[in-house]
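Here the structure comes first, spelled out in structure tokens, and everything after it is commentary.
The values are calculated or read from the model by the stated rules, or taken from the named source; none is laboratory data. Quick caveat, the model's predicted, so the values are computed rather than measured. Here the Cβ positions follow ideal geometry from the backbone for every residue, glycine too, while neighbour counts run over all protein chains shown.
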């Protein structure tokens with residue numbers, strides 16, 4: 001079983017490196033469906049996994065100057081309190097309770113479907129917002145919308161561990177269409193570091209992190225992400241997007257039915 005976890009970490013790392021989609025969309029359903037791990041434990045362990053792996057990505061983007069810290073601040077204003085509130089709600093209703101686990105399973109499926117929508121329609125949404133500059137938010141309205149997006153992402157990530165990747169990046173594209181792809185990626189990763197750290201701390205408090213599992217996943221994911229990143233340019237983006245969207249749709253259906 002230990003080897004299976006390492007191989008799973010490698011496979012997810014490879015897909016993350018190839019596609020840039022957050023590991024939660026892949027890792028949490030994998031742990032729940034393939035290994036039968038309690039959904040809350042799968043979420044907590046994946047959040048701890050993400051909080052470690054995203055730190056390295058943030059340092060890399062900071063070095064390249066591709067993090068918009070003002071946007072990170074506004075996202076965190078919404079996301080961090082929402083993560084704390086979601087953790088307290090999980091504690092109140094019983095995070096490891098079987099019925100709550102089923103609800104979390106459905107929330108994972110919903111988050112996966114949102115990720116699929118983000119993958120398929122992101123470029124079309126970006127093209128539309130760029131073609132209609134009068135629809136773009138400015139000033140206080142933009143700040144309020146960014147904080148609101150943070151609230152949604154904070155709750156979503158804490159409950160399902162999914163949302164800080166493709167969904168977060170898509171929201172940034174819609175709110176800040178003038179950002180470069182590198183700035184979208186860097187800003188998305190940077191705000192996710194404190195969010196996943198606080199959410200992971202909350203799950204540690206709830207007792208829903210499997211530390212041995214976490215170590216095995218990290219052992220496999222590091223070389224996987226490296227190889228995937230190096231191979232990304234050799235695989236056409238359209239093929240990757242279709243493959244990933246199809247796989248995630250199947251995963252969401254399996255989680256529900």
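Would you mind finding the one in 220, 250, 228 that is crowded, with 20+ Cβ neighbours inside 10 Å, out of contact with any strand residue (DSSP E or B) (no Cβ under 7 Å at 6 or more places or on another chain) and modelled with pLDDT under 85? Spell out how you get there, then give the answer.
Numbers: 220 fails: modelled with pLDDT under 85; 250 fails: crowded, with 20+ Cβ neighbours inside 10 Å.
None of the other options fit; the residue is 228.
Please go through region 54-69 and give me each residue that is modelled with pLDDT under 85, over 15 Å from the mean Cα position of the chain (by Cα) and buried (at least 16 other Cβ atoms within 10 Å of the Cβ), ordered by number. Give the derivation first.
Within region 54-69, the first condition is being modelled with pLDDT under 85, and the residues that meet it are 54-67.
The next check asks that each one be over 15 Å from the mean Cα position of the chain (by Cα); those that pass are 56, 59-67.
Correct list: 61, 66, 67.
Yes/no matrix, rows are residues, columns are (1) without any contact (Cβ under 8 Å) to a residue 60 or more places away in the chain; (2) under 18 Å from the mean Cα position of the chain (by Cα); (3) under 19 Å from residue 166 (Cα atoms):
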{"residue": "180", "(1), (2), (3)": "no, no, yes"}
{"residue": "185", "(1), (2), (3)": "no, yes, yes"}
{"residue": "190", "(1), (2), (3)": "no, yes, yes"}
{"residue": "210", "(1), (2), (3)": "no, no, no"}
{"residue": "216", "(1), (2), (3)": "no, no, no"}
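With respect to residue 149, determine if the residue is at pLDDT 80 or above, assigned to a helix (DSSP H, G or I) and exposed (fewer than 14 other Cβ atoms within 10 Å of the Cβ).
Values: at pLDDT 80 or above: yes; assigned to a helix (DSSP H, G or I): yes; exposed (fewer than 14 other Cβ atoms within 10 Å of the Cβ): no.
The answer is no for residue 149.
Using the structure shown, decide if residue 40 is at pLDDT 90 or above and buried (at least 16 other Cβ atoms within 10 Å of the Cβ).
Numbers: at pLDDT 90 or above: no; buried (at least 16 other Cβ atoms within 10 Å of the Cβ): yes.
No: the conditions fail for residue 40.
The rows are residues; the columns are (1) in contact with a helix residue (DSSP H, G or I) (Cβ under 6 Å, 6 or more places away or on another chain); (2) closer than 18 Å to residue 75 by Cα.
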residue	(1), (2)
189	yes, yes
201	no, no
209	yes, no
220	yes, no
226	no, no
245	yes, no
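Within region 81-116, track down each residue that is in a helix (DSSP H, G or I), touching a residue at least 60 places away in the same chain (Cβ under 8 Å), under 27 Å from residue 248 (Cβ atoms) and over 15 Å from the mean Cα position of the chain (by Cα).
82, 86, 87, 90, 100, 101, 102, 104, 105, 106
With respect to residue 50, determine if the residue is surrounded by 19 or more Cβ atoms within 10 Å (Cβ to Cβ), more than 20 Å from residue 210 (Cα to Cα) and in contact (Cβ under 8 Å) with a residue 24 or more places away in the chain. Before you say what the answer is, go through the steps one by one.
Values: surrounded by 19 or more Cβ atoms within 10 Å (Cβ to Cβ): yes; more than 20 Å from residue 210 (Cα to Cα): no; in contact (Cβ under 8 Å) with a residue 24 or more places away in the chain: yes.
Spelling it out, it is not the case that residue 50 is surrounded by 19 or more Cβ atoms within 10 Å (Cβ to Cβ), more than 20 Å from residue 210 (Cα to Cα) and in contact (Cβ under 8 Å) with a residue 24 or more places away in the chain.
Being modelled with pLDDT of 70 or more and not in a helix (DSSP H, G or I) is the filter here, so list the residues in region 231-240 that pass it.
236
Check region 159-179 and report whether any residue there is closer than 19 Å to residue 206 by Cβ, assigned to a helix (DSSP H, G or I) and at pLDDT below 90.
Looking through region 159-179, at least one residue is closer than 19 Å to residue 206 by Cβ, assigned to a helix (DSSP H, G or I) and at pLDDT below 90.
Rundown of residues vs (1) under 19 Å from residue 165 (Cβ atoms); (2) at pLDDT 75 or above; (3) touching a helix residue (DSSP H, G or I) at 6+ places or on another chain (Cβ under 9 Å), yes/no style:
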site	(1), (2), (3)
52	yes, yes, yes
71	yes, yes, yes
79	yes, yes, yes
87	no, yes, yes
93	no, yes, yes
114	yes, yes, yes
138	no, yes, no
145	no, yes, yes
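Given the structure, is residue 143 in contact (Cβ under 8 Å) with a residue 12 or more places away in the chain and within 19 Å of the chain's Cα centre (by Cα)? Can you show your working first?
Working: in contact (Cβ under 8 Å) with a residue 12 or more places away in the chain: yes; within 19 Å of the chain's Cα centre (by Cα): no.
Spelling it out, it is not the case that residue 143 is in contact (Cβ under 8 Å) with a residue 12 or more places away in the chain and within 19 Å of the chain's Cα centre (by Cα).
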